[in-house]
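This report concerns only the one structure given below.
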Amino acid sequence: MTAPPDDCLARNEWVCGDYLSTRREILWDAVLQHLQLTVVSVLLGLVLALPLSVLARRWALAAGPVLAVTTILYTIPSLAMFSLLLPVYGLSESLVVAGLVLYSLTLLVRNILAGLRAVPEETRQAARGMGYGPVRLLLTVELPLALPAAMAGLRIATVSAVSLATVGAIVGFGGLGNLIYAGMNTYFKAQVLTASVLCVVIAVVADILLLGVQRLLTPWTRAVRA
């Protein structure tokens, strides 16, 4: 009888410490690309979502079209979205980032708009009575009070981006998704499991960090709960 291989890589086991030690640089590069895709896309989504939300809040006629367009974008399957963006961005990292930005808009716009709408009208009237103009009112009253809802949307959008970034593997820019895709094609168990677990870890850590930031920025919410 042939003796079984004496290492977990040769035995193709799901849990394999040798995989972590021998593929450390590959894993690190994949994690960095995954983080870059997530952070850049969410920040760009936030930059676009904020003025769209303010526009929808200021002019009621704009709210319907803004919400409709962002919702429609979110319903497009990821493969179809990347295919539609392919003529514009080609097979590049920008293609994945653009897709993730569009997906983040509906989550961010809806939550920021909900937060702005939840600001009590008497609070706005009091600020106007103290001489606050539209810009000062927005920056110092409305946006701070809308932070809890906005941060909730940001947390959901970030976790969603971590998940959807893996689909970028179809164009070669999926971060950990590249390892998952390659591992599934070759049935490399340790690679599939390790990359999948790292995706989950990134999502959980990002959500916890953003929750901490939310609590630091909104201390009054803790006082209300207390």
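The values are calculated or read from the model by the stated rules, or taken from the named source; none is laboratory data. What you are looking at is a predicted structure, and each value in this text was computed from that prediction instead of being measured. All Cβ positions, even for glycine, are placed from backbone atoms using ideal geometry, and neighbour counts span all protein chains on display. SASA here: full protein model, heavy atoms, side chains in, ligands and nucleic acids out. Shrake-Rupley method; radii C 1.70, N 1.55, O 1.52, S 1.80 Å.
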Margin query: Give the list, by residue number, of cysteines in the chain with no other Cys Cβ closer than 4.7 Å, or say none.
Written below: Cys199
Item checked: Among Tyr181, Tyr103, Tyr132, residue whose mean-square fluctuation peaks in a GNM of the chain (springs only between Cα atoms under 10 Å) -> Tyr132
Note to self: Calculate the FRET efficiency for Leu84 and Leu55 from the Cβ-Cβ distance with a Förster distance of 30 Å, rounded to the nearest 0.05.
What the structure shows: 0.75
Next item on the list: Let me have the 222 nm mean residue ellipticity of the chain computed from DSSP H runs of 4+ only, each contributing -39500 (n - 2.57), with the sum over all residues rounded to the nearest 500.
Entry: -26000 deg cm²/dmol
Check: Where the accessible area of the chain is counted over protein heavy atoms with a 1.4 Å probe, how much of it, in %, is carbon and sulfur?
Finding: 70 percent
Checklist line | With Cα atoms, 0 to 90° folded angle of helix 24-58 axis to the chain main axis | finding: 20 degrees
Check: Can you tell which of Met184, Met151, Met130 shows the greatest fluctuation in a Gaussian network model of the chain with Cα springs below 10 Å?
Finding: Met130
Next item on the list: Springs between alpha-carbon atoms under 10 Å, Gaussian network over the chain: tell me which of Arg155, Arg117, Arg136 tops the mean-square fluctuations.
Entry: Arg136
